[in-house]
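The values are calculated or read from the model by the stated rules, or taken from the named source; none is laboratory data. Predicted model only: the values in this text are computed from it and were never measured. Cβ coordinates were reconstructed from backbone atoms using ideal geometry, including for glycine residues, and neighbour counts include every protein chain displayed. In case anyone asks, the SASA skips ligands and DNA or RNA and just uses the protein heavy atoms, side chains included. Shrake-Rupley method; radii C 1.70, N 1.55, O 1.52, S 1.80 Å.
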Amino acid sequence: MKTLIKNVKIVNEGKIFESDILIENDLISRIDSGISEEADQIIDGSGKYLLPGVIDDQVHFRDPGLTHKGDIESESRAAIAGGVTSFIDQPNTIPNAVTQELLADKYEIGSQKAYANYGFMMGGTNDNLDEVLKTNPRNVPGIKLFLGSSTGNMLVDNPETLENIFSSTKMLIAVHCEDEATIKANTQKYMDEYGEDIPVKFHHLIRSEEACYKSSSKAIELAEKTGARLHVFHLSTAKEMELFRNDIPLKDKKITAEVCVHHLTFTNEDYETKGSLIKWNPAVKTQKDKDALWEALLDGRIDVVATDHAPHTAEEKQNVYTKCPSGAPLVQHSLLVMLENYRNGKISLEKIVEKMSHNPAILFRIEKRGFVREGYKADLVLADLNTDWTVAKDNLLYKCGWSPLEGMNLHSKVTHTFVNGHLAYDNGKINEQKFGERLLFEVQE
């Protein structure tokens, strides 16, 4: 199978250039101007931009056990419609993926249901070190530890266990950092005043800057002490930015950082209009925090942009504060929101591609993905950066049927998404064949 894309602007490795690109079977076979080879399909890319597919390093697709909220099939469909061609799913499903057998079960589900390429994190607990150490670094992206409780309650709070995990594995350890004791004390303070129905506007004061910093600084200290590879998920505060460095290349960093689209988009001021729809853990914080996250993203202290895509039903999100789950769906719109920031002059196209495609591939050592290069897997996105539309219920693909972005006007659209050389999404139509493959990772001794 050959596909030829003509006259397209390619955004890759810090450059934008016009070219043709030839895809043969699952690989990019040639990048050149004026390719005249016969092909099974020819796509005119005039006026469009070609990007490497987005690699989202943190999603919760809810399979198995929470599939009333979303599942690998529904959420990976939404992903490819948004230009996300690979995802790394988290272990807090039901049952939690904390044994090799349960992890294998998730991979089996992925192999049957994923429209995009998939990786599943192994979950760490207070008592499963033996299982964690059996994880194969060739085909599993890393170990996930919740250092603050969130959906699925996989809290790891035993200091000895943590040190054992950090010092025993060479695999990447990804962490959710919020200090449990701080959050509990803050919650109690507000419950004493408001009962169960705490106004959501206090969420960022309950899951506070202090709670985040206390936990992330401790995790980094432990990583420095043990030499572990640490990746800190969904950073949300200005204060935490002092913990990360930008003076060495990403491939040499042992401690890396991620920011999510919602922490770059919303602030605590938005609770007034959006309410619990923007209740996340960690919470969206102040304008000062948001500005600091942008600054760190642009100067290289933050390495990756992801979503923490976490659907809940609309009914669940209407519960009172203490019973309302945190999280929201984002994979269909993450790239488009970042393209909106490009349009507004906040970030370049090259930088978006670096943070959403190149860097996740480098950081997780993903084999042959994340770049527009000859010989690499053809995970590619064609985007029209000059089209107006509005996020609304009738154009959402999430199983939960809602988005915190409803009503937002966007000026870019994904027109085509290729997964392993196959046209998986074409101008609003999803190819019902599933082309996703298991992600593989380069193992360094």
The farthest towards the positive end of the charge dipole of the stretch 366-417, of the residues Trp402, Asn386, Phe371, given +1 on Cβ of Lys and Arg and -1 on Cβ of Asp and Glu, is Phe371
In whole percent, the fraction of accessible protein surface over the stretch 94-228 that belongs to carbon or sulfur atoms, probe radius 1.4 Å, stands at 48
In the stretch 296-445 the accessible area split gives carbon plus sulfur, as whole percent at 1.4 Å, a share of 44
At the level of C-alpha centres, the distance separating the stretch 176-223 and the stretch 260-296, in angstrom, is 15
For the stretch 1-122, the per residue accessible area (1.4 Å probe, Å²) is 33
Pairs over 25 Å Cα to Cα, from Lys201/Lys346; Lys113/Lys429; Lys225/Lys285; Lys189/Lys279; Lys251/Lys399, come to Lys201/Lys346; Lys225/Lys285; Lys251/Lys399
Taking placed amide H atoms and a strict 5 Å upper bound, the residues 5 or more places from Ile255 or on another chain that come that close are Leu230
With the 1.4 Å probe rolled over protein heavy atoms, the stretch 127-241 has an accessible area per residue in Å² of 42
Note to self: C-alpha centroids of the stretch 1-68 and the stretch 321-365 sit apart, in Å, by 18
Between the residues His416, Ile143, Ser348, the Cα farthest towards the positive end of the dipole of the chain, that dipole coming from +1 and -1 charges on the beta-carbon of Lys, Arg, Asp and Glu, is from Ser348
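With runs of 4+ DSSP H residues as the only contributors, calculate the mean residue ellipticity of the chain at 222 nm using -39,500 (n - 2.57) per run, divided by the residue total and rounded to the nearest 500. Please list the in-between numbers first.
Values: 14 runs with 122 residues, N = 445.
That comes out to -7500 deg cm²/dmol.
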Treating only Lys and Arg (+1) and Asp and Glu (-1) as charged, each at its beta carbon, one finds that the stretch 338-445 has a dipole about its Cα centre, in Debye to the nearest 20, of 140
With label points set 7 Å from each Cα along the Cα-to-Cβ direction at Lys346 and Asn136, the distance between them in nm comes to 4.1
Among (1) 70, 49, 42; (2) 157, 73, 42; (3) 67, 58, 47, the value of Cα extents along the principal axes in Å computed for this structure carries the label (1)
Straight-line reach check, Lys434, cutoff 16 Å on alpha carbons, 8 or more apart in-chain or any other chain, hits among aspartates and glutamates -> Asp26, Asp71, Glu73, Glu75, Glu108, Asp379, Asp426
